[in-house]
Amino acid sequence: ARFTKTKIFNGRTAVPPTAYLKPVTTYPNRNPVDSGGMMQRSIAIAIDGNIYVGGGRYWNPGYYNNQWWKYNVAGGAWTRLADLPANYGFSVNWRNCTGYYNGKIYLRAEYVNNSYSRKLLAYDIAGDSWAVYETFGTGATHRYVLAACTDALYLAVDTAFQKWDYTAHTWAALRALGDKPLAGGIVGDDVYAIYDDKTYKYNKGTNAWDDQAHAAPAGTTSMICGCYIED
């Protein structure tokens, strides 16, 4: 089945509709103890015809996952890649915490085993290897937005907002958000966030959040789980 209409972040409609309900494959990493149990807090990102999936926790408490897989859409095959450095989990069902720039996938991990984390993971696709960096703020939050732009990686954690230099691996504080982001992402090379029922765009030139006059649908801002962006 297919949705008849897909609404894009700024209110436009995708043509043709791009959201499908029919499953095309099954993630090969299943709970070794409870084979019928589902995985949660995993991460997924699509790049150049491949879908990368990994991390998370099995539904059966106490079993964590550091596996990292690639699914090739054209070939219909899964390939296991280098494991994550630890048993990281992600609240991707809540916020946008993935990004891609210049051959690397960036992930903001919220959990490691059953404890909070504030790590930034960088996966080098060509080298099939991982690097781990510190971020900022508390790990105990579901409110964050990651945007891997061409000039820097931008990260909002609660109201704090900073950018990360890809070369120096250092953080620089920017203008804070007016409230904790409910959703957000990247369009083109710009950072967007939703809070206070409105859509804001970060102005890199003035270091300010500009109101885009796009209100989120009434009654939805307490349960927005992310956003779908087609650029």
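None of the figures in this text is laboratory data; all of them are computed from the coordinates on show. Because the structure is predicted, anything quoted here is derived from the model rather than measured. When we count neighbours, we look across all protein chains shown, and the Cβ atoms used for this are built from the backbone with ideal geometry, even at glycine.
Applying the Karplus relation 6.51 cos²θ - 1.76 cosθ + 1.60 with θ = phi - 60° to segment 65-80 yields 3J(HN,Hα) values of 10, 10, 6, 9, 10, 10, 10, 8, 5, 5, x, x, 10, 9, 10, 7 Hz, where x marks Gly and Pro. Once both labels are positioned 7 Å from their Cα atoms along Cα-to-Cβ, the gap between Val187 and Asp151 label points is 1.9 nm.
Sort Asp210, Asp48 by Cβ crowding within 10 Å, fewest neighbours at the top.
Lowest to highest Cβ neighbour count: Asp48, Asp210.
Measuring r between the beta carbons of Thr206 and Asn102 and using R0 = 25 Å, the FRET efficiency lands at 0.45. Each residue in Arg108, Arg118 was given a count of other beta-carbon atoms within 10 angstrom of its own, and listing them fewest first yields Arg118, Arg108.
Put simply, the amide H of Phe161, placed in the peptide plane, has neighbours under 5 Å in Leu174, Leu177, leaving out anything fewer than 5 places away on its chain.
Within a 10 angstrom radius of the beta carbon, how do Leu120, Leu174 rank from fewest other beta carbons to most?
With the sparsest Cβ surroundings first, the list reads Leu174, Leu120.
For Glu134 and Ile47, the difference between the fully extended length at 0.36 nm per residue and the C-alpha to C-alpha distance is 28.9 nm.
Taking amide H as placed 1.01 Å from N in the peptide plane, the amide H of Ala183 sits under 5 Å from that of Ile194, each at least 5 places away or on another chain.
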